[in-house]
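Following: one structure in structure tokens, then a few remarks.
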Amino acid sequence: MREIYAEIITIGDEILYGQILDTNSQWISQQLDDIGVKVRRKYSISDQSEVIKTAVNESLAQSDLVFVTGGLGPTKDDLTKHSLAAMFEMPLELNQSALEDVEDIFKRFGKELTEINRQQAFLPKGSTKITNERGTAPGMWFDRDKKVVVSMPGVPFEMKAMMTKTILPKIKKRFQLPVIIHKVIRTIGIGESWLSEEIARWENALPTHLALAYLPGKAQVRLRLTGVGEEREVLEAEMEEQVAALLPTIQSYVYGFGDLEIEEAVGELLRAKSLTIATAESCTGGYLAHKITSVSGSSDYYTGSVIAYQNEVKIQELNVSPKTIEKHGAVSEETAKEMAEGIRKKLNVDLGISLTGIAGPDGGTEEKPVGMVWMAISFGGIVKTRKIQSPGTRILNIEYSGVKALDFIRQTLIEA
């Protein structure tokens, strides 16, 4: 079965100026993926007639479907409809159905139809009107040499209603679409390049209709296996077999699948083992506590936190010895140990974890550079420590440290 390709063009100077985010193309891509259409390219262009015509022509040459959002309003700077009409040599004519739709909207709001809004009912002759149930600008469907161009408003809730009710069903009827399935494996604690070396033999043996993508994040890498086929059940079974063959190689790094976040995986482990946890944070300022408590139901296992940013708080609230800080410094393995022990005892939990480090951009030394973080876990009668070197800016260092701490908890619980 031939794959069907699409391109998405978002029109608007406000997008190019950075004044608004282009959320339309992301949402459209997700919807097309769900029905088996592959998006080949998406890009934003300015509100200029020649630019619009060039972009649509180029996309038509490359793909089966072209989706255009924006530029359908009633003002002079909205040029999409006129540009497409000129490009396809379709003169504008009054569409009676579109006029009735616009009139109905104005009646609902108790207002008189203005001439400028009446102009929105003029559509390129030969195009198919797409009803806009949430606005005054109708969408347009153009058939061109077995290919399709769809023009929609840029207002997200108007566009989404059109896509869901009219456009997606019409595409499914028009094209014979393959099945596209994604399987996402969530890994942590191993870099992208090292991971690729670990699984190279498995990846090289994948059949051509299965493709692997590496999606790196903060201390994590998502492996996305994408399959294209004709029968969903057959394809799903094949992908499950491939994942089962891969897991023994990387099992220690895998914490879940799909949309599962590391904080959710840690929460599941704590709940399954009926354990409680508390956090003592210095350089991360409560970020680890935030990640843990972002999970619904975390009160089952999370008790609380001490944000011991200053040394006095470490001493008074976590029982860190002043001599330890004087001898080894606040950022040290010894201080991290005492912080972890202190929070475990203070809040009477099974597991206490601490972080102390230098988030930056100031405060680093040659011995203790910016991004260096010590963390410790007090659990099961022992205290384990780990030192990491975070790679970036202050915020990135904080976030990276929080994720690494979650993985430290995960590994500790698995080994228990």
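I'd like to check one number: the per residue accessible area of the chain, probe 1.4 Å, reported in Å² as a whole number.
49
Name all residues of the range 173-188 having a backbone nitrogen under 19 Å from the label point set 7 Å from the Cα of R232 along its Cα→Cβ direction, giving them as ranges.
Only 173-184 fall inside the zone, counting backbone N under 19 Å.
Any idea what Rg and Dmax come out to for the chain if you just take the C-alpha atoms, in Å?
28.3, 86
Mind listing which GluC sites (Glu not before Pro) in the range 203-288 are in a DSSP loop and have 15 or fewer other Cβ atoms within 10 Å?
E230, E231
Restricting to DSSP loop positions (anything but H, G, I, E, B) with no more than 10 other Cβ atoms inside 10 Å of their own Cβ, which chymotrypsin sites (Phe, Trp or Tyr not before Pro) remain in the range 38-140?
Here the sparse-neighbourhood loop sites are F109.
Work out, step by step, the length gained on full extension between S299 and T208: first 0.36 nm times the residue separation, then minus their alpha carbon distance; give nm to one decimal.
28.1 nm
Of the accessible area of the chain, with the probe set at 1.4 angstrom, what percent is carbon plus sulfur?
48
What is the angle, in °, between the Cα long axis of helix 232-250 and the longest principal axis of the Cα atoms in the chain? Nearest 10 is fine, range 0 to 90.
The angle comes out near 30 degrees.
Anything over 31 Å Cα to Cα? Flag those among K165/K218; K346/K387; K76/K173; K38/K107; K42/K129; K107/K160, in the order listed.
Distance filter (> 31 Å) returns K165/K218; K76/K173; K38/K107.
Sum -39500 (n - 2.57) across every DSSP H segment of at least 4 residues in the chain, then divide by the residue count to get the 222 nm mean residue ellipticity, nearest 500.
Here the helix-only value at 222 nm equals -12000 deg cm²/dmol.
What is the helix-to-structure angle for 394-415, meaning the angle in degrees between its Cα long axis and the longest Cα principal axis of the chain, kept from 0 to 90 and rounded to the nearest 10?
For 394-415 against the chain, the angle is about 70 degrees.
For the range 246-358, what is the charge dipole size about the Cα centre, in debye to the nearest 20, if Lys and Arg each add +1 at the Cβ and Asp and Glu each add -1 at the Cβ?
Around 300 debye, computed over the range 246-358.
Compute the semi-axes of the equivalent ellipsoid of the range 255-311, taking the square root of 5 times each eigenvalue of the Cα gyration tensor, and list them largest first in whole Å.
Those come to 22, 13, 8 Å.
Counting other Cβ atoms within 10 Å, keep those with at most 15, restrict to DSSP loop, and tell me which trypsin sites (Lys or Arg not before Pro) in the range 128-230 are left.
Loop-located and lightly packed - R134, K146.
In a solvent-free Debye calculation with one equal scatterer on each Cα, what is log10 I(q)/I(0) for the range 360-416 at q = 0.12, 0.21, 0.24 Å⁻¹, listed in the order of the q values?
Summing over Cα pairs of the range 360-416 leads to -0.33, -0.79, -0.92.
For a Förster distance of 35 Å, can you work out the FRET efficiency between the beta-carbons of T23 and S321, rounded to the nearest 0.05?
According to the calculation, E is roughly 0.10.
The values are calculated or read from the model by the stated rules, or taken from the named source; none is laboratory data. Here the structure is a predicted model, which is why all the values come from computation and not from measurement. Cβ atoms come from the backbone with ideal geometry, glycine included; neighbour counts cover every protein chain shown. Surface accessibility is based on the protein's heavy atoms, side chains included, excluding ligands, DNA and RNA. Shrake-Rupley method; radii C 1.70, N 1.55, O 1.52, S 1.80 Å.
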